[in-house]
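Okay, structure first, notes after.
The values are calculated or read from the model by the stated rules, or taken from the named source; none is laboratory data. Just so you know, these numbers come straight off a predicted model, no measurement behind them. All Cβ positions, glycine included, derive from the backbone under ideal geometry; neighbour counts span all protein chains shown. The area values use the complete protein model at the heavy-atom level, side chains included, leaving out ligands, DNA and RNA. Shrake-Rupley method; radii C 1.70, N 1.55, O 1.52, S 1.80 Å.
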Amino acid sequence: YKKNKGSVIAIKKVKKNMKIQQQIKNEMREAMKNREEVRLMVLRSLISGFTNELVASGKKPQDEIEDSSALNVIKKAVKQRKDSIEQYGKGGREDLVANETAELEILKKYLPEMMSEEKIREIAIAKKTELGVEDKSNLPAGKAGMGILMGAIIGQIKSTGDEADGALVKQVVEKLFS
C-alpha cells in the first residue's frame, strides 16, 4: 500500500487472467469510490487512449482492445510522461514534475516487467562476439552498425518472450564500446 495525499492506494499487478482494459475499468471504479483524483484522471486517459486506438484500427469504440494494443497505448502514455518530466525539469517547473511523476508511477504498474541491465549486457556481449565486433571501428556499415547490433540484441530479447527498454539497450551497447 502507498499513501497518496491522505488516501490509501492498493498497488497490485495486473491480473493475468483479466484483460488489461477490464482491469483498468475496474480500478477506475475503485478510484472513483476512493476519490483518488490523480489516479482517476490517469485511468480515464488510458480508457480514452484505448477507444482512440480501436477507432483508428477501424473497430467500434465499445469493442474490447487486445492486450498488445493496450500495452502500446500505455507505453505511449509512459513515454509522454517521461518527456514531460524532462521538459518541465528543464523549465524549472517542479510542481508539474511532481504531478507527471505521480502519473508515471500509476502507469508503470500496467507495464510488463522489463529485462534487467545485467541480462541485457549478457545478451549484448554474446551478440557482439557472434557478429565478430571488437570495437566501433569494425562495426558493419560504420556507425549504422551500432544500430545493426542493437537490432540483433532486441531481436534476441523478443525471441525469448521478454521485453526491454530500448533506451537501456542503447546505453548498454554504448558502454560496451566506451
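Numbers at a glance
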{"quantity": "Subset of the stretch 51-97 [open to solvent by less than 60 Å² (accessible area, probe 1.4 Å), of a type in the set (A, V, I, L, M, F, W, C) and part of a helix (DSSP H, G or I)]", "calculated": "Leu54, Ala70, Leu71, Val73, Ile74, Ala77, Val78, Ile85, Leu96, Val97"}
{"quantity": "Identity of the residue in the stretch 50-96, within 19 Å of the chain's Cα centre (by Cα) and of a type in the set (Asp, Glu), that ends up farthest from Lys158 (Cα to Cα)", "calculated": "Glu86"}
{"quantity": "Qualifying positions in the stretch 26-75 - touching a residue at least 24 places away in the same chain (Cβ under 8 Å) and among the polar types (S, T, N, Q)", "calculated": "Asn34, Ser45"}
{"quantity": "The listed residue being among the hydroxyl-bearing types (Ser, Thr, Tyr), modelled with pLDDT of 90 or more and at negative phi, out of Ser68, Ser84", "calculated": "Ser84"}
{"quantity": "In the stretch 154-170, the residues that are of a type in the set (S, T, N, Q) and touching a residue at least 24 places away in the same chain (Cβ under 8 Å)", "calculated": "Gln156"}
